[in-house]
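Heads up, the thing below is written out as structure tokens.
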Amino acid sequence: MVVVQHIADALRLAGTMFWQVLWPLLLGFLLSATIETLVPKQAVSRALGRDSVRGVTLATLFGAASSSCSYAAVAVARTLFRKGASFGNAIIFEFASTNLVFELGLVLVVLLGWQFLGAELAGGVIMVVLLALLFRATLRPSLVTAARAQAERGVQGRMEGHAAMDMSVTDGPLLRRAFSSRALTGVSHYFFMNVYSLWLDLLLGFLIAGALASWVPSSWWAALFLSGHGVWSDVWDAFIGPLVAMLSFVCSVGNVPLAATLWRAGIGFAGAIAFIFGDLVILPILDIYRRYYGVRPAAYLFVVSFAAMAAAGLAVAALFHAIGAIPASHTLAAFGAGVAWDAGTVANIVLLTVAALLGVRFLRTGGPAMLRLMG
């Protein structure tokens, strides 16, 4: 009976968190799908061909407006690289795709509060700047040549169909395109492709978060995070955050419920932010890097990515500490709340209705066949 109660507690907590963040997820998917429909990938590739301030800025903006699935982001980044984007800009696009997207920010606000949203945005920009500087200082032409040679082989990873998919509407003025029948079809396809590409990570993220919050003793977390050692605790947490993310196998928005669990358990602000950034160093992503670009470029991407994640976590924690914006309490409302008739429930119902209408369009315009091409 005790085991059954523990399982029930974990499932209840996972379900409660999921219900609270359902509307931000759906709204984020809808916004991303709309932008992907109106901005063609070929135009993005042409804009990212130079490692300049403009190229880095556009890579960040285009990435922030795209899908949040880490696997899809990595596949799209290789496609952009093969179509003319520089290697550095393709990777920066990829980081922005998973760390600066709409749904991630909305879920952070609901589960962790506005401070974490601010830290994610500030830290994301810091991480992009760090990556650009690291690429300029350490990325050798021979490494780019090796990466391009391997990329041109077209070795399969995950979400290849998502990377190749381009249902953008480019004919005519923006408003006419946005309200056209073709745009509605494109939005419905991108919307469900994004849902399809993320559902497993989200499921694992919420289930693991519920289990960790319910089953792991507080004393174990305190020992792992070295609480109470001042700045050394921040340094350790910023290092351990991406390391835990790497071993969790959960990426993108699925990291947020896990970050909420770690924050509640006592991880420092720097560690929580670095953990959220760590979705692109999980072991399956590193293996895809190896297949896409080769062993040496994959090892290089791991080192520079890990360094940028940890440094960005520390930098944003220091900034928020200086302005007094770090939350004083590790208590989170999401862990004590239940499902209630409130504004969040109304928003869930409205957006589920929109998703259902998009689903009808998706089914009527060859959506299931598109899913089979996702890879």
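The values are calculated or read from the model by the stated rules, or taken from the named source; none is laboratory data. Small disclaimer: the values here were computed from a predicted structure and weren't measured. Heads up, the Cβs are rebuilt from the backbone with ideal geometry, glycines too, and the neighbour counts pull from every protein chain shown.
In the set L283, L243, L262, L247, only one residue is buried (at least 20 other Cβ atoms within 10 Å of the Cβ) and within 20 Å of the chain's Cα centre (by Cα); that residue is L262. Among the residues making up region 266-311, those that are farther than 26 Å from A146 by Cβ and of a type outside the set (A, V, I, L, M, F, W, C) are G266, G268, G271. Among residues of region 5-26 that are more than 11 Å from A209 (Cα to Cα), those with a Cβ under 7 angstrom from a residue that is of a type in the set (D, E, K, R) and crowded, with 21+ Cβ neighbours inside 10 Å, sequence gap 6+ or separate chain, pair up as P24/E103; L25/E103. Considering only residues in region 65-85 that are touching a residue at least 40 places away in the same chain (Cβ under 8 Å) and among the polar types (S, T, N, Q), the one that is farthest from P24 (Cα to Cα) turns out to be T79.
Can you tell me how many residues in region 175-198 are at pLDDT below 80 and closer than 17 Å to N255 by Cα? If you could, list the steps in order and put the result at the bottom.
First, the residues of region 175-198 that are at pLDDT below 80: 175-179, 194, 197-198.
Still in the list and also closer than 17 Å to N255 by Cα: 194, 197-198.
Final tally of qualifying residues: 3.
As a summary of the residue check, E94 satisfies the conditions (1) assigned to a helix (DSSP H, G or I); (2) farther than 21 Å from L25 by Cα; (3) at pLDDT 85 or above except for the one numbered (2).
If the condition is being farther than 25 Å from G268 by Cβ, surrounded by fewer than 18 Cβ atoms within 10 Å (Cβ to Cβ) and polar (S, T, N, Q), then region 95-148 contributes T138, S142, T145. Here are some conditions: (1) under 23 Å from G118 (Cα atoms); (2) assigned to a helix (DSSP H, G or I); (3) modelled with pLDDT of 85 or more. L286 meets all but one. Which one does it not meet? Result: L286 fails condition (1) only.
Could you pull out the residue among G172, G157 that is modelled with pLDDT under 80 and over 29 Å from V253 (Cα atoms)? First the steps, then the outcome.
Numbers: G157 fails: over 29 Å from V253 (Cα atoms).
Answer to the selection: G172.
Mind telling me which of the residues L25, L48, L30, L58 ends up being crowded, with 24+ Cβ neighbours inside 10 Å and modelled with pLDDT of 80 or more? After applying the criteria, what remains is L25.
Does T57 qualify as being farther than 17 Å from A259 by Cβ, of a type in the set (V, I, T) and either in contact (Cβ under 8 Å) with a residue 12 or more places away in the chain or part of a helix (DSSP H, G or I) (or both)? Spelling it out, T57 is indeed farther than 17 Å from A259 by Cβ, of a type in the set (V, I, T) and either in contact (Cβ under 8 Å) with a residue 12 or more places away in the chain or part of a helix (DSSP H, G or I) (or both).
Output the residues belonging to region 204-223 that are touching a residue at least 12 places away in the same chain (Cβ under 8 Å), surrounded by fewer than 17 Cβ atoms within 10 Å (Cβ to Cβ) and hydrophobic (A, V, I, L, M, F, W, C). Spell out how you get there, then give the answer.
Filtering region 204-223 down to residues touching a residue at least 12 places away in the same chain (Cβ under 8 Å) leaves 204-216, 218, 221-222.
Those left that are additionally surrounded by fewer than 17 Cβ atoms within 10 Å (Cβ to Cβ): 215-216, 218, 222.
Within region 204-223, W215, V216, A222 meet the criteria.
For region 61-91, a residue qualifies if it is assigned to a loop (DSSP other than H, G, I, E, B), buried (at least 24 other Cβ atoms within 10 Å of the Cβ) and not polar (S, T, N, Q), and the qualifying residues are C69, A85. From the list V354, V339, the lone residue that is more than 30 Å from G268 (Cβ to Cβ), surrounded by 12 or more Cβ atoms within 10 Å (Cβ to Cβ) and either aromatic (F, W, Y) or modelled with pLDDT under 90 (or both) is V339. Kindly check whether there is at least one residue in region 227-241 that is among the aliphatic types (A, V, I, L, M) and more than 20 Å from D279 (Cβ to Cβ). Yes - at least one qualifying residue is present in region 227-241.
Looking at T145, T138, T79, can you tell me which residue is modelled with pLDDT under 85 and at negative phi? Working first, answer last.
On the way: T145 fails: modelled with pLDDT under 85; T138 fails: modelled with pLDDT under 85.
After ruling out the rest, the residue left standing is T79.
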